[in-house]
Protein chains: 2
Amino acid sequence: MRAEIVAVGTELLLGQIADTNARWMSERLADAGLDVTHHQAVGDNLERIVEALRLAAGRADVVLVSGGLGPTEDDITRDAIAAFAGVPLVFHAELETMLREKFRRWSAIGTMPASNLRQAYVPQGARWIVPDRGTAPGLALQLGGTRLYAVPGVPDEMQEMIGGTIVPELRALAGGDVIVSRIVRCAGMGESAVAERLADLFASSTNPTIAYLASMGEVKVRITAKAPSRAQAEALAEPVVAEVRGRLGDVVFSEDDESLEQTVLRLLGASGRTLACAESLTGGGVGARLTALAGASASFIGSAVVYTAEAKGRVLGVPENVLAGGTVTEACALAMATGARDLYGADVALALTGAAGPEPHDGAAPGTIWVAVADTTGFTHARGFVSRGERDRVRRWAEQAGLDLVRRHLEGVPLPASSLPG
Amino acid sequence: MRAEIVAVGTELLLGQIADTNARWMSERLADAGLDVTHHQAVGDNLERIVEALRLAAGRADVVLVSGGLGPTEDDITRDAIAAFAGVPLVFHAELETMLREKFRRWSAIGTMPASNLRQAYVPQGARWIVPDRGTAPGLALQLGGTRLYAVPGVPDEMQEMIGGTIVPELRALAGGDVIVSRIVRCAGMGESAVAERLADLFASSTNPTIAYLASMGEVKVRITAKAPSRAQAEALAEPVVAEVRGRLGDVVFSEDDESLEQTVLRLLGASGRTLACAESLTGGGVGARLTALAGASASFIGSAVVYTAEAKGRVLGVPENVLAGGTVTEACALAMATGARDLYGADVALALTGAAGPEPHDGAAPGTIWVAVADTTGFTHARGFVSRGERDRVRRWAEQAGLDLVRRHLEGVPLPASSLPG
């Protein structure tokens, strides 16, 4: 079954919000075995909504419309569906009762404005989906071969209807295949090098299919399998995941779409070790990424952000002679790592220093990065390299290289050598 | 001029990523005076991409395609544009030279795989946009009345081309009126309170227009003026900006779309003072935001990320009896601020501690936040409050409240009181 998503809302076209609903709905539809072939977004404009519905209904078996079911005058999805179906809107007293009851219970939001009665109208012949969280009823309508659903644009109201009503209906309708996607994530190898190692798999695979997605400092390989059941789809995907992992080797940090920071925290937790950082060019970015995850405090102690040379000496005890040799150096990265390890009493420490740009920093060209690890056995390792791009990209590459160095150290796989003289 | 955005990538239809590019591009196009009427997203499928281009070109003056310009075999936007335009792809030796030169400079990512040569092909008759950050050239092609641009899907590569090349070209094409937008940014006042103070201005203004945009921890008021010249548009906007500023008072931190961290660095620079932080729940996020700006090292020394109670004592010298009373308290925030001031030798220090959630932390309910400032005169001030929402939102609110506390301290305007008992 083919599905299409139509988002309604001028705020999307003005760039005031991103269409995160389309992502969420697509993921659920794929899980249910539907093939989402298109997304559309249109503004609060009757004619354009009708046009979008016509286009979608002409090529999809299921059309999901989100947004425009609210109580205000610019909420016109109901009207557009009625116009497209060529039917009138019909008032339903039981929906009025439902609305009044909600307003009575939620006394905090006051008495019901008259405009909310718009939500008691339903295109003739359509069913409605009773809302639990909000006031807007969802709509379901069969039009020829196309099943059309409309849900509110408020994310939690939309999610309630898709998860609670629509996906179960579609699963029953579809009968057919379940889609399973596995994401293998790699750091330290470019997209084209990854693709080269997997070229014959890519060329020959139809089910599962293979795709690549590069983002800063990592490459994702997606393996997507379709089968009548989840277990069968997983069984199709698994050998390809294993083959991809085998060919790419230790640049793979996750076979299950974990981020690098999730992987590092998982490895720390599994080995009962703690981590501290010393951050210069990243300014706290590594700490912020690790602590974005709930439960980080079980393994992550802290990070000394030392943005000036003086702070590197004062806070981390980087010796004067090392600082005199430059702060974007192997020696400084190593002294920062051992300094953070000792300051925080951590089992493993990661240091990051570099010239983020746009100007050279302390004698180093923009893009020059040194990352280092140190542990309590006295082991240390530093890696220097040059990152391309602008300031934000250089910082992101440094974070990725630093986290990957810790990941490799914790997994006991070879640590990358420097491409810079020490 | 009407514009339409076509996103290419199966990962969008599978719901693996949200199309944040469409939001960013839409905002820039709206700023440039274009009317974005539709978004479409299609997968890595030649026929569907061509169909989407045909639809878009039939109803828009400008079509922006993002994604599918990478080096791998599933990157087929180039092919689709050529097929749609009915022209062949032409190899350009100067693009090969550009690509090889990039790989040579970025020795960290190795020698250039043969597949990258795909990026040296351009549809006949198209111009290319030389990439600075990535390897994928953008494309520009005039087809009848439609101007078609293709940009990479990697956000910073896309942004570089849209901001640096495409928007300036479209502004020139559009001719006519110049649009000037001024953004007044406020922290510490909700959107509805801001709107209430500006209600009559909002109702009566047609040129300039006024719009509100709330994002976490701040409200932006956008004043948009149109006139035949930039100077005339600016002259129209200026008195409205002054009126807005006057009505909103010291919650305004910028009249020129400066971020809170830009404002703080500017104020530090102007008064020759330095800043250090002590971060618990934000994990380094404040440091990361300040150092995202080039030149931060002139005023920002560093940040002690102390994620555990032990680290707060060990690194910042927070006394044992304070820690025993809880780490999400006024006393702990104040001790962290003075500790960071002394550890880094900074003129001003900011501390942030709280319970980011989802679990309560050290006796404090999720969402509880304490921020504090301290300076070398012995002045200290703490503010405690409760933020709604999930972990990332709580952390963002803490960053905003902390930076705004420093901003107010540096500007010498009243500091907000706590809504929690000390």
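The values are calculated or read from the model by the stated rules, or taken from the named source; none is laboratory data. Small disclaimer: the values here were computed from a predicted structure and weren't measured. No Cβ is skipped: glycine too gets one built from the backbone with ideal geometry, and neighbour counts run over all protein chains shown. The area values use the complete protein model at the heavy-atom level, side chains included, leaving out ligands, DNA and RNA. Shrake-Rupley method; radii C 1.70, N 1.55, O 1.52, S 1.80 Å.
Tabulated results
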| item | result |
| --- | --- |
| Considering residues of segment A:1-12 that are more than 8 Å from chain B (Cβ to nearest Cβ) and not β-branched (Val, Ile, Thr) only, the residue most open to solvent (accessible area, probe 1.4 Å) | A:Arg2 |
| B:Pro360 vs. criteria more than 20 Å from B:Val264 (Cα to Cα) and either open to solvent by less than 10 Å² (accessible area, probe 1.4 Å) or at pLDDT below 95 (or both) | yes |
| Test: A:Gly68 is over 21 Å from A:Val8 (Cβ atoms) and in contact with an Asp or Glu (Cβ under 6 Å, 6 or more places away or on another chain) | no |
| So B:Ser303, is it touching a Cys at 6+ places or on another chain (Cβ under 6 Å) and either touching a residue at least 12 places away in the same chain (Cβ under 8 Å) or of a type in the set (Ser, Thr, Tyr) (or both) | yes |
| Those residues of segment B:13-31 which are open to solvent by 10 Å² or more (accessible area, probe 1.4 Å), over 24 Å from B:Asp75 (Cα atoms) and either in contact with a strand residue (DSSP E or B) (Cβ under 8 Å, 6 or more places away or on another chain) or more than 9 Å from chain A (Cβ to nearest Cβ) (or both), in sequence order | B:Ala30, B:Asp31 |
| Per-region count, segment B:317-364, residues touching a strand residue (DSSP E or B) at 6+ places or on another chain (Cβ under 6 Å), in a helix (DSSP H, G or I) and of a type in the set (Val, Ile, Thr) | 1 |
| Count of segment A:186-195 residues which are surrounded by fewer than 23 Cβ atoms within 10 Å (Cβ to Cβ) and out of contact with any helix residue (DSSP H, G or I) (no Cβ under 6 Å at 6 or more places or on another chain) | 1 |
| Tally, over segment A:224-268, of residues that are within 30 Å of A:Ala288 (Cα to Cα) and of a type outside the set (Asp, Glu) | 16 |
| Residue check, A:Leu46 of a type outside the set (Gly, Ala, Ser), within 10 Å of chain B (Cβ to nearest Cβ) and either without any contact (Cβ under 8 Å) to a residue 60 or more places away in the chain or open to solvent by 10 Å² or more (accessible area, probe 1.4 Å) (or both) | no |
| Selection from segment B:131-153 of residues that are touching a helix residue (DSSP H, G or I) at 6+ places or on another chain (Cβ under 8 Å), away from chain A (no Cβ under 14 Å) and either under 24 Å from A:Trp397 (Cβ atoms) or open to solvent by 40 Å² or more (accessible area, probe 1.4 Å) (or both) | B:Pro137, B:Gly138, B:Leu143, B:Gly144, B:Arg147, B:Val151 |
| Among the candidates A:Ala340, A:Ala355, residue that is closer than 22 Å to B:Lys102 by Cβ, of a type in the set (A, V, I, L, M, F, W, C), within 13 Å of another protein chain (Cβ to nearest Cβ) and touching a residue at least 12 places away in the same chain (Cβ under 8 Å) | A:Ala355 |
| Residue count, segment B:49-74 (criterion: in contact (Cβ under 8 Å) with a residue 40 or more places away in the chain, of a type in the set (Val, Ile, Thr) and either within 7 Å of chain A (Cβ to nearest Cβ) or open to solvent by 10 Å² or more (accessible area, probe 1.4 Å) (or both)) | 1 |
| A:Arg230, sole failed condition from (1) modelled with pLDDT under 95; (2) buried (at least 20 other Cβ atoms within 10 Å of the Cβ); (3) away from chain B (no Cβ under 13 Å) | (2) |
| Strands (runs of 3 or more DSSP E) enclosed by segment A:1-115 - at least 3 residues per element that are more than 19 Å from A:Thr146 (Cβ to Cβ) | A:89-91 |
| Residues within segment A:401-422 that are touching a Gly at 6+ places or on another chain (Cβ under 8 Å) and either among the hydroxyl-bearing types (Ser, Thr, Tyr) or buried (at least 22 other Cβ atoms within 10 Å of the Cβ) (or both), tallied | 4 |
| Residue among B:Arg100, B:Arg127 that alone is out of contact with any helix residue (DSSP H, G or I) (no Cβ under 8 Å at 6 or more places or on another chain), open to solvent by 60 Å² or more (accessible area, probe 1.4 Å) and closer than 21 Å to A:Ala195 by Cα | B:Arg100 |
| In segment B:118-163, the residues that are without any contact (Cβ under 8 Å) to a residue 24 or more places away in the chain and touching an Asp or Glu at 6+ places or on another chain (Cβ under 9 Å) | B:Gly134, B:Asp156 |
| Subset of segment A:284-311 that is of a type in the set (S, T, N, Q) and surrounded by fewer than 23 Cβ atoms within 10 Å (Cβ to Cβ) - its residue that is modelled with the lowest pLDDT | A:Ser297 |
| Residue that is among the charged types (D, E, K, R), in a loop (DSSP other than H, G, I, E, B) and surrounded by fewer than 21 Cβ atoms within 10 Å (Cβ to Cβ), where the choices are B:Arg314, B:Arg388 | B:Arg388 |
| Residues satisfying the stated conditions in segment B:363-374, i.e. more than 14 Å from chain A (Cβ to nearest Cβ), without any contact (Cβ under 8 Å) to a residue 40 or more places away in the chain and open to solvent by 10 Å² or more (accessible area, probe 1.4 Å) | B:Gly363, B:Ala365 |
| Residues that are more than 23 Å from the chain's Cα centre (by Cα) and open to solvent by 30 Å² or more (accessible area, probe 1.4 Å), drawn from segment B:250-279 | B:Asp250, B:Ala270, B:Ser271, B:Gly272, B:Arg273, B:Thr274 |
| Among (1) over 26 Å from the mean Cα position of the chain (by Cα); (2) more than 10 Å from chain B (Cβ to nearest Cβ); (3) touching a residue at least 40 places away in the same chain (Cβ under 8 Å); (4) open to solvent by less than 10 Å² (accessible area, probe 1.4 Å) - the single one A:Cys332 does not satisfy | (3) |
| All positions within segment B:154-181 that are closer than 22 Å to B:Ala237 by Cα, surrounded by fewer than 21 Cβ atoms within 10 Å (Cβ to Cβ) and either modelled with pLDDT under 90 or within 14 Å of another protein chain (Cβ to nearest Cβ) (or both) | B:Val167, B:Arg171, B:Ala172, B:Ala174, B:Gly175, B:Gly176, B:Asp177, B:Val178, B:Ile179, B:Ser181 |
